[in-house]
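Colleague: Take a look at the following structure, please.
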Amino acid sequence: MADQDTLHRRGLLFILSSPSGAGKTTISRMLLERDDAVKLSVSVTTRPPRPNEQDGKDYYFVSDAEFDRMVDEDDFYEWAHVFGHRYGTPKGAIRKALKDGQDFLFDIDWQGTQQLKQKDDQDVVTVFILPPSIAELRRRLETRASDSAEVIDSRMERAKAEISHWAEYEYVVINNDLDACYAKVSEILAAERMRRQRQTGLIPFVRELME
Ligand code: 5GP
């Protein structure tokens, strides 16, 4: 008898985007804690490691020359300059793990989402999280840190710019209530795992059924 959960399947790249303050980081943390099949992708960086950081866990730490080589060989899904160093999402390890059925979570903005979709559209699933209202978003940004009104205003402007990209995503969830939002996000993930083309174990299984 077949147990569908043990049939082999291809992993997916699960992208969560939202303006800051809409709850994306909390939802990401809940997913990583509760779903063993989901991992964060480990980036490559030219930044030196901090004292508590481990190579291969926090980042893959590489030299400038090594990073150049990886760019030349098209080893990145995307890469960017951030605060004077370079950071990138490596393709090799992810491609291999996808084949083995590993899912990856990406907590990235709309630009990173576009780049990832261009490199590997078939494995990507995109979810955008919206705040329930602008007043609530402002309230969440205000309670988060003791920032001045100007800083909050500029965060609100950035949040609105991010929200303007909502229609580029396949799924959109309004975060009214954290548990309800998490439940919806995990239902999306569960349904996407069941897509026929991801269930690579079906071909041998059905062949056996037909014999
Ligand atoms: P940190 O050096 O503090 O670990 O990270 C600095 C910044 O680099 C963060 O804003 C983080 O989001 C960004 N970053 C980390 N990994 C990647 C990556 O693979 N690609 C891009 N584009 N940015 C990254």
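Colleague: Give the number of residues within the range 79-93 that are crowded, with 17+ Cβ neighbours inside 10 Å, in contact with a helix residue (DSSP H, G or I) (Cβ under 9 Å, 6 or more places away or on another chain) and farther than 14 Å from I15 by Cα.
Modeller: Residues that pass the stated criteria total 5.
Colleague: Condition (residue is under 14 Å from the mean Cα position of the chain (by Cα) and at pLDDT below 95) applied to the range 46-65: is it met by at least one residue?
Modeller: Checked the range 46-65: no residue is under 14 Å from the mean Cα position of the chain (by Cα) and at pLDDT below 95.
Colleague: Continuing with this model, one more query. Being surrounded by fewer than 17 Cβ atoms within 10 Å (Cβ to Cβ), touching a residue at least 12 places away in the same chain (Cβ under 8 Å) and touching a Ser or Thr at 6+ places or on another chain (Cβ under 9 Å) is the requirement here; does G112 meet it?
Modeller: For G112, the condition - surrounded by fewer than 17 Cβ atoms within 10 Å (Cβ to Cβ), touching a residue at least 12 places away in the same chain (Cβ under 8 Å) and touching a Ser or Thr at 6+ places or on another chain (Cβ under 9 Å) - is not met.
Colleague: Continuing with this model, one more query. Take the conditions part of a loop (DSSP other than H, G, I, E, B) and more than 9 Å from the ligand (Cβ to nearest atom) and apply them to D68. Does it pass?
Modeller: Details: part of a loop (DSSP other than H, G, I, E, B): no; more than 9 Å from the ligand (Cβ to nearest atom): yes.
So D68 fails the test.
Colleague: Within the range 30-52, restricting attention to residues that are surrounded by 13 or more Cβ atoms within 10 Å (Cβ to Cβ) and over 21 Å from G92 (Cβ atoms), which residue is nearest to the ligand (Cβ to nearest atom)?
Modeller: Per the stated criteria, the residue is L32.
Colleague: Which is more than 23 Å from Y171 (Cα to Cα), surrounded by 15 or more Cβ atoms within 10 Å (Cβ to Cβ), touching a residue at least 24 places away in the same chain (Cβ under 8 Å) and away from the ligand (no atom under 16 Å from the Cβ), of L141, L137, L98, L130?
Modeller: L141 is the lone residue from the list that is more than 23 Å from Y171 (Cα to Cα), surrounded by 15 or more Cβ atoms within 10 Å (Cβ to Cβ), touching a residue at least 24 places away in the same chain (Cβ under 8 Å) and away from the ligand (no atom under 16 Å from the Cβ).
Colleague: Does E192 satisfy the criteria of being assigned to a helix (DSSP H, G or I), farther than 17 Å from E136 by Cβ and either of a type in the set (D, E) or without any contact (Cβ under 8 Å) to a residue 24 or more places away in the chain (or both)?
Modeller: Judged against the criteria, E192 is a match.
Colleague: With the condition kept exactly as written, say whether any residue in the range 3-23 is more than 30 Å from S154 (Cα to Cα), assigned to a loop (DSSP other than H, G, I, E, B), modelled with pLDDT under 90 and not basic (K, R).
Modeller: Applying the first criterion (more than 30 Å from S154 (Cα to Cα)) to the range 3-23 yields 3-13.
In the following step, the residues that additionally are assigned to a loop (DSSP other than H, G, I, E, B) were identified as 3, 7-12.
Next, from what is left, pick out any that are modelled with pLDDT under 90: 3, 7.
Narrowing further to those that are not basic (K, R): 3, 7.
Yes - at least one qualifying residue is present in the range 3-23.
The values are calculated or read from the model by the stated rules, or taken from the named source; none is laboratory data. Nothing here was measured: the structure is a model prediction, and the numbers come from that model. Counting neighbours? That spans all protein chains shown, and the Cβs are built from the backbone with ideal geometry, glycine included.
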